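S.K.: This is the structure I have questions about; it appears just below.
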Amino acid sequence: MESKSLNQGLHAAKVAKQDEFYTQYVDIQKEVEAYLEFDPDTFRGKVVYCNCDDPFESNFFKYFAANFNKLGLKRLISTSYDGSPIAGDQLTLPEYDEGNGKRRKPKAIAVEIEEVTDVNEDGATGIDDVKLFLEQNPHTRTPLAGGGDFRSQECVELLKQADIVVTNPPFSLFKEYIAQLVAHGKKFLIVGNKNAITYKEIFPLIKDNKLWMGVTAFSGGMWFIADYKGKYEKTVNGVKLINVPAIWFTNLDHGRRHRKLPLMTMEDNLRFSKHTGIRDKAAYDRYENYDAIEVPFTDAIPSDYGGVMGVPITFLDKYNPDQFEIVGTTESNDPDNACRTRVYTSQECRDAYQRLFGKPGVYDLNASGVVNGVKVYKRVLIRRRTRPVEGTKE
Ligand SMILES: C[S@@+](CC[C@H](N)C(=O)[O-])C[C@H]1O[C@@H](n2cnc3c(N)ncnc32)[C@H](O)[C@@H]1O
């Protein structure tokens, strides 16, 4: 019993660690500004809620507070979580100061602002005005009896008042977090791990165009500010940073979703592959267990194929819902996929292992698309929206 609870404690600590990394201002700015380019009024007249954000630490709060007037916000709400350690040194208030340069771990609070005026009378409005305003108006922050958990009643009440939720939530609660936003019919722009795409709770939302990827490209992951006690991979201007395979998940429209992916014909793609040597075997193999062709690179999606195609997950980075329809994944957690043509028996999975590795084992052929007896990487199954004309590029 004791070792079980010790294990649970260690697991909880590990999960908490994975949740403690903080988004850089510049990443929030870059992402949000891409929506403004598409529609300058994306946030105008809206109540924005950052519900995993200590207002005195979070760059989400800082960005939206500093740009309150530019974005035309109606109200900005930010709630912090009791358990959060201190990460940076954003907007330290006197009540956080224990003296001797030490800072007290903040208690969960909600901060709400409805206007940002030129408090310091320097001729402009910005984060310094917000800081002054918060210092001079303690009534703008209220303690949260429920500890600031996004699922607590008082946070749910605030969620109901919000139009758009923007944050980087704890990854360990990502499925629950998204489910809550969807259940309340909220618009959102949030950071999550790339792996979440194929979760059985998330992928159907992507397939139904209720959730899509943000603007920042997938490649290279994102750099976050590491918890001051946690591990980090590099330091930039004294800030400890850690790389995480994170991406933006949203249901706010943006320009990249409406950009057509340029496509070559199958014939051109084959010629191209011979020249570059990218693919040495004949392209466009057919899966043995799906009625679809295998397309190993997003660049190799043909313009003149009307059937279903298995493409890398990174395709979602370029997905235009007017050009393509998502029909499923080749993951075992998409068992009802209409394109699946074959389910392997346990014996076939054992035989495949013996054949491939020369020893007994189980090769789970049902967990992905299979080409020439070998599983390929995770794939999204897509189809063109319009009937393609053979030999025509786009
Ligand atoms: C990945 S961090 C990001 C923090 C901040 N949003 C940012 O981007 O800089 C996730 C934050 O959620 C907090 N958190 C963990 N569990 C929570 C919960 N149940 N409700 C609200 N916040 C939670 C963590 O303490 C942590 O500060």
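Just so you know, all these numbers are worked out from the coordinates, no wet-lab data involved. The structure presented is a predicted model; accordingly, all values stated were derived computationally and were not measured. Cβ coordinates were reconstructed from backbone atoms using ideal geometry, including for glycine residues, and neighbour counts include every protein chain displayed.
S.K.: What is the magnitude of the charge dipole of the stretch 116-203 about its Cα centre, with +1 placed on the Cβ of each Lys and Arg, -1 on the Cβ of each Asp and Glu, and no other charges, expressed in debye to the nearest 20? Could the numbers behind the result be given before it?
M.R.: Values: 9 positive and 12 negative charges, 151 e Å.
Around 720 debye, computed over the stretch 116-203.
S.K.: Moving on to the next point. Under the Karplus relation 6.51 cos²θ - 1.76 cosθ + 1.60, θ = phi - 60°, what is the ordered set of whole-Hz ³J(HN,Hα) values for the stretch 19-25, x standing for Gly and Pro?
M.R.: Values per residue, Gly and Pro as x: 8, 9, 9, 10, 7, 7, 3 Hz.
S.K.: If a/c stays under 1.5 just call it rounded; otherwise compare a/b with b/c (prolate if a/b is bigger, oblate if not). Do that for the stretch 266-384, with a ≥ b ≥ c from the square roots of the Cα gyration tensor eigenvalues.
M.R.: On the way: a/c = 2.44, a/b = 1.44, b/c = 1.69.
Oblate, because a/c is 1.5 or more while a/b does not exceed b/c.
S.K.: Please give the net charge around V327, taking every other residue with its beta carbon less than 9 angstrom from that of V327, where Lys and Arg add +1 and Asp and Glu add -1.
M.R.: Numbers: positive: K207, R383; negative: E325.
Neighbour charge sum, excluding V327 itself: +1.
S.K.: Spelling out what I want: for every residue of the stretch 173-178, take phi, set θ = phi - 60°, compute 6.51 cos²θ - 1.76 cosθ + 1.60 (Karplus), and round to whole Hz; glycine and proline get x.
M.R.: So the J values, rounded to whole Hz, are 10, 4, 4, 5, 4, 5.
S.K.: Another question, then. Could you tell me which of L381, G307, T345 has its Cα farthest along the dipole of the stretch 266-384 towards the positive end, charges placed at Cβ (Lys, Arg +1; Asp, Glu -1), taken about the Cα centre?
M.R.: Toward the positive end, the furthest listed residue is T345.
S.K.: Given a cut-off of 27 Å, name the pairs among K187/K318; K175/K378; K234/K260; K200/K231 whose C-alpha atoms lie farther apart than that in the structure shown. Working shown, then result.
M.R.: Values: K187/K318 21 Å; K175/K378 20 Å; K234/K260 37 Å; K200/K231 31 Å.
Violating the 27 Å limit, Cα to Cα: K234/K260; K200/K231.
S.K.: Can I ask one more? Roughly how many debye, to the nearest 20, is the charge dipole of the stretch 266-384 about its Cα centre, given +1 on each Lys and Arg Cβ, -1 on each Asp and Glu Cβ, and no other charges?
M.R.: Using Cβ point charges on Lys, Arg, Asp and Glu, the stretch 266-384 gives about 400 debye.
S.K.: I109's amide H: which non-local residues (gap 5+, or another chain) put their own amide H closer than 5 Å, with H modeled 1.01 Å from N in plane and none for Pro or chain starts?
M.R.: S80, L144
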